[in-house]
Amino acid sequence: MGDIEAGLNTNVFVLIAATVISCVILHFLIKTIFGSKKKEALEHEAESNQNAPNEEAASETAVTESRASGKSKKRAPWKGKTEYSHQWLLKNLKGHPGTVLLVDFSPNGKFMAATCDDSTVTTVDSASSAARRRKPRDRRRPSASSPPPSTPPRISPEELAEALRPHILSPKRMWALGYPLELEPNSTKAVVYINPPPRPRPQFTSWDVNAPVFVPGGSQSDSGRGSWGSTPRSDSDEEVDHIACAEHLCVRCDKNFKITSDGEYVFEDPCVYHWGRVSESRYVCCNGPYGSTGCVVGRCHVWNGTKPGMNGPLEGYVRARSPRGGVYAIDAEMCYTTAGLELASIAVIAADGRLVYRSLVKPSSPVVDLNTRFSGIRPRDLARATKTLRDVQNDILGFVGTDTILIGHALDNDLRALKLLHGAVVDTCALYPHARGFPLRRSLRTLTEELLGRSVQRGSSGHSPLEDARAALDLVLLKVQNERSRPRAAHHQLPVLQPYDPLVSAA
């Protein structure tokens with residue numbers, strides 16, 4: 001038994017020794033074979049780096065120059081990560097006339113290739129590729145050439161008043177622009193002449209040969225604003241005749257509707273309209289063609305309290321009785337009521353830009369539409385309004401005299417809502433007339449963007465009377481500044497065209 005155990009132990013030792021010797025031999029063979037290949041690769045890489053040192057320096061210089069306007073970091077030189085032996089990598093790629101030696105891939109699928117055959121060509125290509133990589137980022141940067149918002153310098157009220165004397169609207173121009181004028185001297189009644197608003201012509205459509213023939217006095221209904229012929233009357237129309245009501249034209253959808261003397265709608269029809277203006281025969285709100293169905297639905301029809309032509313006599317107007325001097329910019333926001341447009345908010349600033357007066361106004365008639373998109377008035381604003389129109393009139397006449405100059409944009413709307421008779425007004429619509437002439441007017445937002453370089457009336461919360469008043473004042477100051485730079489230029493007011501009317505001629 002002892003001999004057998006000794007023989008087994010000897011066999012185990014021999015097996016272990018043979019295994020160790022085999023591992024040593026195998027390791028030596030692997031090191032010898034693969035070590036030579038690795039040494040050749042390192043020698044090849046060292047030779048490549050020695051042949052193109054100038055190329056790497058030029059490439060680094062080009063990248064640094066292309067990034068001079070951006071980050072100040074300097075990209076580290078490329079280092080060989082692995083050896084490429086595929087035939088595709090040895091071919092010429094677009095933009096690299098030499099042989100491709102190194103390719104580095106990025107996570108987004110793009111790659112960067114480096115060559116070293118021609119240092120001159122490679123340097124140009126590296127700079128151009130770096131410039132191409134930087135170009136999209138440069139486009140996203142704000143342009144330095146865009147003019148910053150400008151604010152004209154302030155001048156004293158006396159100097160401003162003297163400079164604005166030639167620009168005060170004459171009674172004839174005020175009449176043509178729709179300003180309220182007194183019916184009789186020292187009275188509280190006024191008259192207003194409203195020119196018919198310009199209507200864009202609809203696009204020409206082909207004739208319908210199957211359309212019914214129009215017969216005057218026939219029974220066919222008219223889909224327009226009125227009807228030249230007679231139409232059958234219904235029982236509901238006969239019932240309306242017994243009620244004292246007034247017919248008005250909706251300023252949003254151009255449809256007729258009736259309101260009783262108590263301020264109630266006879267028929268509460270929804271108002272489908274476009275809230276945007278017409279530009280190039282299309283509505284700016286929804287880009288729909290002129291004459292298409294509206295994109296907004298209102299609860300009721302609305303009107304502005306006036307009609308084309310003569311309006312009056314209108315009662316409730318006030319005017320200053322004594323001179324007080326000064327120059328003020330004024331802007332008001334209105335809302336739609338059963339009596340038309342009524343004052344809801346007002347702001348007045350002085351010639352130096354300080355706020356003089358600002359107040360919310362409670363309308364006297366039931367509110368139909370707050371017109372929040374343009375007026376910025378919300379139900380919570382009117383809920384905390386305590387002053388009436390009469391209170392605001394008394395406050396305004398506390399610092400506005402007969403010789404006080406009032407500045408505004410389309411100031412005729414503000415004075416009608418305020419029910420104020422005033423003869424010394426400067427309107428930016430007259431200072432900067434429309435290119436196509438009267439009765440077209442340029443908007444305050446367009447004038448402010450083009451001349452002052454800032455944006456107004458851009459928020460979704462509606463217009464701000466304080467912001468609009470300051471914009472109108474800055475436009476007037478800019479006009480005065482330009483005229484002072486050209487003192488020899490004569491000031492000429494453009495003639496205002498108005499339609500012939502006997503009452504207009506008599507006035």
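The values are calculated or read from the model by the stated rules, or taken from the named source; none is laboratory data. None of the values given here were measured: they were computed from a predicted structure. Cβ placement follows ideal geometry from the backbone for every residue including glycine, while neighbour counts extend to all protein chains displayed.
For the range 259-297, taking the residues that are under 16 Å from Y336 (Cβ atoms) and charged (D, E, K, R), the one that is surrounded by the fewest Cβ atoms within 10 Å (Cβ to Cβ) is identified as E268.
Out of everything in the range 258-291 that is among the hydrophobic types (A, V, I, L, M, F, W, C) and in a loop (DSSP other than H, G, I, E, B), what residue ends up being farthest from L181 (Cα to Cα)?
Let us first name the residues in the range 258-291 that are among the hydrophobic types (A, V, I, L, M, F, W, C), namely 259, 266-267, 271-272, 275, 278, 284-286.
Of the ones still in play, those that are also in a loop (DSSP other than H, G, I, E, B) are 266-267, 275, 284-286.
Values: V266: 33, F267: 35, W275: 30, V284: 35, C285: 35, C286: 38 Å.
Across the range 258-291, the extreme among qualifying residues is C286.
Within the bounds of the range 334-354, is there any residue that is closer than 26 Å to L177 by Cα, among the small types (G, A, S), in contact (Cβ under 8 Å) with a residue 24 or more places away in the chain and in contact with a Cys (Cβ under 6 Å, 6 or more places away or on another chain)? Scanning the range 334-354 turns up at least one residue that is closer than 26 Å to L177 by Cα, among the small types (G, A, S), in contact (Cβ under 8 Å) with a residue 24 or more places away in the chain and in contact with a Cys (Cβ under 6 Å, 6 or more places away or on another chain).
Scoring L355 on the criteria (1) surrounded by 15 or more Cβ atoms within 10 Å (Cβ to Cβ); (2) of a type in the set (A, V, I, L, M, F, W, C); (3) under 30 Å from I405 (Cβ atoms) leaves a single failure, condition (1). Do we find a residue being outside any strand (DSSP E or B), over 29 Å from the mean Cα position of the chain (by Cα) and at pLDDT 90 or above anywhere in the range 292-304? No, the range 292-304 contains no residue that is outside any strand (DSSP E or B), over 29 Å from the mean Cα position of the chain (by Cα) and at pLDDT 90 or above.
Just one of the listed residues (D262, D254, D269) is among the acidic types (D, E) and without any contact (Cβ under 8 Å) to a residue 12 or more places away in the chain, namely D262.
Give the range 307-347 a look and list any residue that's part of a loop (DSSP other than H, G, I, E, B), touching a Lys or Arg at 6+ places or on another chain (Cβ under 9 Å) and surrounded by fewer than 21 Cβ atoms within 10 Å (Cβ to Cβ), or say none. Write out each step before concluding.
So in the range 307-347, the residues part of a loop (DSSP other than H, G, I, E, B) come out as 307-308, 315-317, 320-326, 338-339.
Add one more test, that the residue is touching a Lys or Arg at 6+ places or on another chain (Cβ under 9 Å), and what stays is 315-317.
Selection gives E315, G316.
Note on the range 376-483: enclosed helices (runs of 4 or more DSSP H) holding 1 or more residues that are within 23 Å of L169 (Cβ to Cβ), within 24 Å of the chain's Cα centre (by Cα) and not charged (D, E, K, R) are 411-418, 428-431, 444-447. In the range 272-286, the residues that are at positive phi reach residues that are in a strand (DSSP E or B) and of a type outside the set (A, V, I, L, M, F, W, C) with C-beta atoms within less than 8 angstrom, at least six apart or across chains, in these pairs: S281/P289.
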